[in-house]
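Q: Below you will find the structure I want to go over with you.
The values are calculated or read from the model by the stated rules, or taken from the named source; none is laboratory data. Remember, it's a predicted structure, so these values are computed and weren't measured experimentally. Positions of Cβ are backbone-derived with ideal geometry, glycine not excepted, and every protein chain shown enters the neighbour counts. Only protein heavy atoms, including side chains, enter the accessible area calculation; ligands, DNA and RNA are left aside. Shrake-Rupley method; radii C 1.70, N 1.55, O 1.52, S 1.80 Å.
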Amino acid sequence: MPNTKIIEFANLEKSDLFLDALYKGGTKGNVSDDPISKLMGCGNQAGFRYVGSVKKKIKFCVLYSSLSNIDWPDKLDPEMGIFTYYGDNQNPGHELHDTARKGNLILKNTFDALHNKNRSIITPFFIFTKGPLGRDVYFRGLAVPGSPSMSNLDDLIAVWKTKDGHRFQNYRAEFSVLNEPVITRSWINDLLSGDLYSPNAPRSWVEWSNKGKYDLLLAPKVKAHRTRKNRFHTIRSA
């Protein structure tokens, strides 16, 4: 990414979250190099990384993806502000919600609350994707479940897959990326202490939680304009 903002590993614990910024991993060659755990105070492995308890209360949840698994093609659509994310039951042998990290149970509980208009108990989600080197990651945005363009029947779907002759189910979930270019360190600290609605909470998050209003981060592609030389060449070649 050209002109990408880069936050070095030593500065992670005090840094804000900047949209599409690159957060550098460490250099020890082990899981302690993970930048997300330093940024967010969560675990350092897996796709679902949350703070709190699934049985009691989750304070927030990180969704991490390499965006490179062809069987489970997570996808960020920056133009429409939609993030498609697959759950963590990615191999046969387990019931849909019986996963080690309880990621699919988090999805079920979250979307159940959304469909029942009980948004006040829904936690914020933070999207990170793999960076170009080592454990580097990009921050891709603050997200909430569902989309204004999707019905309750479409935003969380249990899909069937077959592997080694065995059938099993996993979730495909749709999230909306909110129009917030910066998430402050102050709000992250508030979340860690259990205060979702502190004065530091982003406006779009509060609006969505209180009123169900999706203020999506829409980013249409920049059109490539032809130079005067290219336009002249096209006319002469016609």
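Q: Pick from region 144-172 the residues that are of a type outside the set (Phe, Trp, Tyr) and touching a helix residue (DSSP H, G or I) at 6+ places or on another chain (Cβ under 8 Å): which of them is farthest from Ser204 (Cα to Cα)?
A: Checked region 144-172; the qualifying residue farthest from Ser204 (Cα to Cα) is Asn170.
Q: Let me ask something additional. Please enumerate the residues belonging to region 120-136 that are among the aliphatic types (A, V, I, L, M) and part of a loop (DSSP other than H, G, I, E, B).
A: Those that are among the aliphatic types (A, V, I, L, M) and part of a loop (DSSP other than H, G, I, E, B): Ile122, Leu133.
Q: In this structure, is Ser209 part of a strand (DSSP E or B), open to solvent by less than 90 Å² (accessible area, probe 1.4 Å) and either modelled with pLDDT of 95 or more or over 20 Å from Glu13 (Cα atoms) (or both)?
A: Taking the combined requirement at face value, the residue does not satisfy it.
Q: Restricting attention to region 41-53, and to residues there that are in contact (Cβ under 8 Å) with a residue 12 or more places away in the chain and part of a loop (DSSP other than H, G, I, E, B), which single residue is surrounded by the most Cβ atoms within 10 Å (Cβ to Cβ)?
A: Cys42
Q: Sticking with this one: For the subset of region 83-101 comprising residues that are within 27 Å of Pro220 (Cβ to Cβ) and surrounded by 22 or more Cβ atoms within 10 Å (Cβ to Cβ), which member is farthest from the chain's Cα centre (by Cα)?
A: In this case the residue turns out to be Tyr86.
Q: Within region 39-55, work out how many residues are closer than 17 Å to Phe125 by Cα and more than 17 Å from the chain's Cα centre (by Cα).
A: 3
Q: Return the total of residues in region 102-149 being aliphatic (A, V, I, L, M) and open to solvent by 10 Å² or more (accessible area, probe 1.4 Å).
A: The qualifying residues number 4.
Q: Is there any pair with a first residue in region 204-225 that is over 18 Å from Asp20 (Cα atoms) and a second that is open to solvent by 40 Å² or more (accessible area, probe 1.4 Å) and of a type in the set (Gly, Ala, Ser) whose Cβ atoms are under 7 Å apart and which are 6 or more apart or on different chains, and what are they?
A: As it stands, the answer is Ser209/Ser120, since those pairs meet every condition given.
Q: Sticking with this structure for a sec: With out of contact with any helix residue (DSSP H, G or I) (no Cβ under 8 Å at 6 or more places or on another chain), open to solvent by 60 Å² or more (accessible area, probe 1.4 Å), within 29 Å of Lys108 (Cβ to Cβ) and at pLDDT 95 or above as the only criterion, which of Lys56, Lys75 stands out?
A: Selected residue: Lys75, the only one of Lys56, Lys75 that is out of contact with any helix residue (DSSP H, G or I) (no Cβ under 8 Å at 6 or more places or on another chain), open to solvent by 60 Å² or more (accessible area, probe 1.4 Å), within 29 Å of Lys108 (Cβ to Cβ) and at pLDDT 95 or above.
Q: Filtering region 1-40 down to residues that are among the aromatic types (Phe, Trp, Tyr) and in contact with a Phe, Trp or Tyr (Cβ under 7 Å, 6 or more places away or on another chain), which residue is least open to solvent (accessible area, probe 1.4 Å)?
A: Going through the qualifying residues, I end up with Tyr23.
Q: Another question, then. Tell me, yes or no, whether region 175-187 has at least one residue that is small (Gly, Ala, Ser), assigned to a loop (DSSP other than H, G, I, E, B) and closer than 19 Å to Val62 by Cβ.
A: No, every residue in region 175-187 fails to be small (Gly, Ala, Ser), assigned to a loop (DSSP other than H, G, I, E, B) and closer than 19 Å to Val62 by Cβ.
Q: Let me ask something else about it. Could you grab the pairs with beta carbons closer than 7 Å, sequence gap of 6+ or different chains, first residue in region 61-87 and touching a residue at least 24 places away in the same chain (Cβ under 8 Å), second one acidic (Asp, Glu) and buried (at least 17 other Cβ atoms within 10 Å of the Cβ)?
A: Within 7 Å, the pairs are Ser65/Asp74; Leu67/Asp74; Ile82/Glu174; Thr84/Asp74; Thr84/Glu174; Tyr85/Asp74; Tyr86/Asp74.
Q: Another question, if that's okay. Among (1) in contact with a helix residue (DSSP H, G or I) (Cβ under 8 Å, 6 or more places away or on another chain); (2) open to solvent by 30 Å² or more (accessible area, probe 1.4 Å); (3) not small (Gly, Ala, Ser), which single condition is Leu196 missing?
A: (2)
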